[in-house]
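Participant: I am attaching a structure below and will ask some questions about it afterwards.
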Amino acid sequence: MKVLFIEDDRMNRRVVRDMLDVAGATMSEAEDAEQGLAMIAAERWDMILIDLRMPGMDGVTAIQHIRARGDDKGRVPIIVVTADAALDLRERCLAAGADDVIFKPVAMDQLFEAMGRVLAKGAEDGGLIA
């Protein structure tokens, strides 16, 4: 599985990379939303993990840009990975086009459960993965 993690904190990227390595997934990193959007335009991904609070464009806006694409790359599964605890956060993220939301600090079982839910839903919906 090829995963893109859009996250400005290097340590958070490293922790998630170590978790995905255990599962045999390949993770690439983007330090901000603009870099992530460029990587999405250039390559195909099986899943995107994205933080909400980053310098420049925030994660919700980036998700909206991804979903606005007129091609299969706009349908890639997206999981928000955030430390934000706002009460309406989950609803805002789902309304923007995210498939799931998990909270930092990320636990391996939490990450894998969310990925499994999103992939299972994609399979039921006829396949989200490009």
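Participant: Give the long-range amide H neighbours of residue 101: residues separated by 5 or more places, or on another chain, with amide H under 5 Å away, using H modelled in the peptide plane at 1.01 Å from N.
Facilitator: Amide H neighbours of residue 101: 80.
Participant: Expressed in whole Å with the largest first, what are the equivalent ellipsoid semi-axes of the chain derived from the C-alpha gyration tensor as the square root of 5 times each eigenvalue?
Facilitator: The answer is 18, 17, 16 Å, longest axis first.
Participant: Specify which residue in the list 62, 89, 103 is farthest towards the positive end of the charge dipole of the chain, using unit charges on the beta carbon of Lys, Arg (+1) and Asp, Glu (-1), about the Cα centre.
Facilitator: 62
Participant: While we're looking at this one, here's another question. Cβ neighbours within 10 Å, averaged per peptide: list 50-62, 77-89 in order, most packed at the top.
Facilitator: 50-62, 77-89
Participant: Run the dipole for the chain about the Cα centre, Lys and Arg Cβ at +1, Asp and Glu Cβ at -1, nothing else charged, and hand back the magnitude in debye, nearest 20.
Facilitator: That gives a dipole near 140 debye.
Participant: Separate question: Per residue of the chain, what 222 nm ellipticity follows from adding -39500 (n - 2.57) for every DSSP H run with n ≥ 4, rounded to the nearest 500?
Facilitator: Helix-only estimate at 222 nm: -13500 deg cm²/dmol.
Participant: Under the definition of Cα pairs under 8 Å and six or more residues apart, what whole-number percent is the relative contact order of the stretch 2-124?
Facilitator: Here the relative contact order equals 21 percent.
Participant: Considering only DSSP beta bridges with both partners in the stretch 2-124, what is the antiparallel share in %, to the nearest 5?
Facilitator: 0
Participant: Mind checking the dipole of the stretch 1-67: about its Cα centre, +1 per Lys or Arg Cβ, -1 per Asp or Glu Cβ, Debye to the nearest 20?
Facilitator: Using only the charged Cβ atoms, the result is roughly 180 debye.
Participant: Enumerate the calculated ³J(HN,Hα) couplings along the stretch 29-39 in order (Karplus 6.51 cos²θ - 1.76 cosθ + 1.60, θ = phi - 60°), each rounded to whole Hz, writing x wherever the residue is Gly or Pro.
Facilitator: Values per residue, Gly and Pro as x: 10, 10, 7, 7, 5, 4, 5, x, 5, 5, 5 Hz.
Participant: Starting at the first residue of the stretch 72-78, write each ³J(HN,Hα) from the Karplus equation 6.51 cos²θ - 1.76 cosθ + 1.60 with θ = phi - 60°, in whole Hz, x for Gly and Pro.
Facilitator: After applying 6.51 cos²θ - 1.76 cosθ + 1.60, I find 4, 5, x, 9, 4, x, 10 Hz.
Participant: Another one. What are the ³J(HN,Hα) values, in whole Hz, obtained from phi via the Karplus relation 6.51 cos²θ - 1.76 cosθ + 1.60 with θ = phi - 60°, for each residue of the stretch 48-58 in sequence order, with x given for Gly and Pro?
Facilitator: Each residue's phi maps through the Karplus curve to give 10, 10, 9, 7, 9, 9, 9, x, x, 5, 7 Hz.
No lab work stands behind these numbers, since they all come straight from the coordinates. In this text the structure is predicted, and so the values were computed from the model without any measurement. Please note: Cβ atoms are built from the backbone with ideal geometry, for glycine as well, and neighbour counts cover all protein chains shown.
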